[in-house]
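For reference, the structure discussed in these notes is given below.
The values are calculated or read from the model by the stated rules, or taken from the named source; none is laboratory data. Quick caveat: nothing in here was measured; it's all calculated off a predicted structure. Cβ coordinates were reconstructed from backbone atoms using ideal geometry, including for glycine residues, and neighbour counts include every protein chain displayed. Calculation scope for accessible area: heavy atoms of the full protein, side chains included, ligands and nucleic acids excluded. Shrake-Rupley method; radii C 1.70, N 1.55, O 1.52, S 1.80 Å.
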Amino acid sequence: MLADYAVRVEQSRGRRFPQPPHRYRNDFQRDRDRVIHARAFRRLESKTQVFTHRYSDHFRNRLTHTLEVSQIARTVAAQLGLNVDLVETLALVHDVGHPPFGHAGEKVLDTAMRKHGLWFDHNLHALRIVEDFEVRYASFRGLNLTFEVREGIIKHSRDYKARDFPELAEYLLDLRPPLEAQLIDMADEVAYNTADLDDGLESRLLSLEQIRTGLPVFEGFYREAEKAYPEAPEKLKFNEALREVYDRLAGDLIRNTQRRLQEEKIHSVDDVRAFPQRLAGFSPQVDVERRQIKEFLRVNVYQNAQLDSGKRDAEKIIRQLFEFWMENPEKLPRNYQEKGEPLPRTICDYIAGMTDNFIYEQYDKYCQQ
């Protein structure tokens, strides 16, 4: 049963190219399946999440992170009475626009673009992927996703001002996205705040004592695990505590969003869209804890000196390849030479679609001669 404020598939604004309904899948389910079968989705398996050089096969990559976000988002959506099919689709597609080398790669690519008066935005790049770059159908380019999925791709994590992005006018930039899209950014934070603590410990960038000292919310749950499982290995006590942190974040997201919807008397998708702020979010107390985890990870993992060599590799490889193709555009693949876009944008599109492995191959081919 969907809540009154949930998006209903039968009220979808439809696809750019109308298609007849499927016999046994609704439109959002078809969109989910189109995302899963997209080449850009499969490439996430070989794109960095945090660790530019894979320290272990057990660490998250961009694809496994995406699956964790999907699992969290589906659970929260079901408790809120939202459209789980739409939420699942948005969770699966939310990171397809990320370039190789994680956020380090995104920063370097944006820097390269700004030298030419342009920029790189992974949400807008994801929209370009599903609208144009994926070529799977004879009758249209792209995946021909529903309006609600395309809107959620660009609006799930930030708001765009209509005056600054007139090319996105169809996506109701003056209104908030539906709750199904708002949830994705919150689920994303739950996923990486907990997973990066786990991978940080496994990689030995973090110590258990460091986590316990730096994060009071974790320390409280770890003490409970020590009482409940005094003979268990430290790693299993860590797992128990981290699971409780995970549940605290996800559970609070459910309860606080429910509370806000009731307090603000939200009864329809139009109410959600017209509300001046996003309604999905954490309570003040848990939001403080969330920000503490995020800052702890920034200082101790993301800015850890042991990852600097990977960041330097990312900067060097992307910068040199970008400059090489600017000077030698004939070396680009033929389908990119024929795009008709400004050359910097064409190069940006090409690099952003690469996996970590493939960009190393291109660097060896063109920049190591």
Quiz item: From the cross-link list K227/K311; K155/K294; K235/K294; K107/K331, which pairs have alpha carbons spaced over 31 Å apart?
Solution: K227/K311
Quiz prompt | Stokes-Einstein diffusion coefficient of the chain, Kirkwood radius over Cα pairs, 20 °C, 1.002 mPa s, in µm²/s | solution = 97
Practice problem: Tell me what the chain gives for mean residue ellipticity at 222 nm when only DSSP H runs of n ≥ 4 count, each as -39,500 (n - 2.57), the sum divided by the residue total, rounded to 500 deg cm²/dmol. | Solution: -18000 deg cm²/dmol
Quiz item: Which three semi-axes in whole Å describe the equivalent ellipsoid of the range 171-219, each the square root of 5 times a Cα gyration tensor eigenvalue, listed largest first?
Solution: 34, 11, 7
Quiz prompt | Average silhouette area of the range 75-154, convex hull of alpha-carbon atoms, in square nanometres | solution = 6.9
Quiz item: Just the accessible area for E202, please: 1.4 Å probe, Å², rounded to the nearest 10?
Solution: 100
Quiz prompt | Pair-distance profile P(r), taking every C-alpha pair of the range 309-369, with 5 angstrom steps and integer % | solution = 4, 17, 32, 27, 13, 5, 1, 0
Exercise. Over the range 206-346, consider all pairs of different Cα atoms and compute the Kirkwood hydrodynamic radius from their mean reciprocal separation; express it in Å, one decimal.
Key: 20.0
Quiz prompt | Gain in span if fully extended, R204 to R243, counting 0.36 nm per residue against the direct Cα distance | solution = 12.1 nm
Self-check item: At R0 = 30 Å, FRET efficiency that the Cβ-Cβ distance of F165 and L2 yields, to 0.05
Solution: 0.45
Quiz item: Of all the C-alpha pairs in the range 196-240, what % are more than 16 Å from each other?
Solution: 32
Quiz item: Once the Cα gyration tensor of the range 219-258 is found, what semi-axes does its equivalent ellipsoid get, as square roots of 5 times the eigenvalues, in whole Å, sorted largest first?
Solution: 25, 8, 6
Quiz item: For the range 154-249, what are the per-bin percents of Cα-Cα distances with bins 10 Å wide, up to the bin holding the maximum?
Solution: 15, 34, 19, 16, 13, 4, 0
Exercise. Run the accessible area of the range 96-229 with a 1.4 Å probe and give the carbon-and-sulfur part as a rounded percent.
Key: 50
Quiz item: Among F101, S56, T111, whose Cα sits farthest toward the positive end of the charge dipole of the range 55-119 (+1 at Cβ of Lys/Arg, -1 at Cβ of Asp/Glu, about the Cα centre)?
Solution: T111
Self-check item: Two-decimal log10 I(q)/I(0) for the range 1-155, as the Debye equation yields it once each C-alpha is a single scatterer, q = 0.20 Å⁻¹
Solution: -1.29
Practice problem: Tell me the label-point distance for the pair A232, Y360, using the 7 Å Cα-to-Cβ offset, in nm and rounded to one decimal. | Solution: 3.6
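For the range 128-204, take N as its residue count and report Rg(C-alpha) divided by 2.2 N^0.38 Å. Working shown, then result.
On the way: Rg = 16.6 Å, N = 77, 2.2 N^0.38 = 11.5 Å.
My calculation over the Cα atoms of the range 128-204 gives 1.45.
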Quiz prompt | Cα-only Debye scattering, the range 22-97: base-10 log of I(q)/I(0) at q = 0.20 Å⁻¹ | solution = -0.86
Quiz item: Which of the peptides 229-240, 99-110, 82-93, 20-31 is most tightly packed, and how do the rest follow, judged by the mean count of other Cβ atoms within 10 Å per residue?
Solution: 82-93, 99-110, 20-31, 229-240
Exercise. May I ask for the distance between the Cα centers of the range 271-349 and the range 61-119, given as a whole number of Å?
Key: 11
Quiz prompt | HN-Hα J in Hz across the range 27-39 - Karplus 6.51, -1.76, 1.60, θ = phi - 60°, x for Gly and Pro | solution = 5, 6, 5, 5, 4, 4, 5, 5, 5, 4, 8, 6, 4
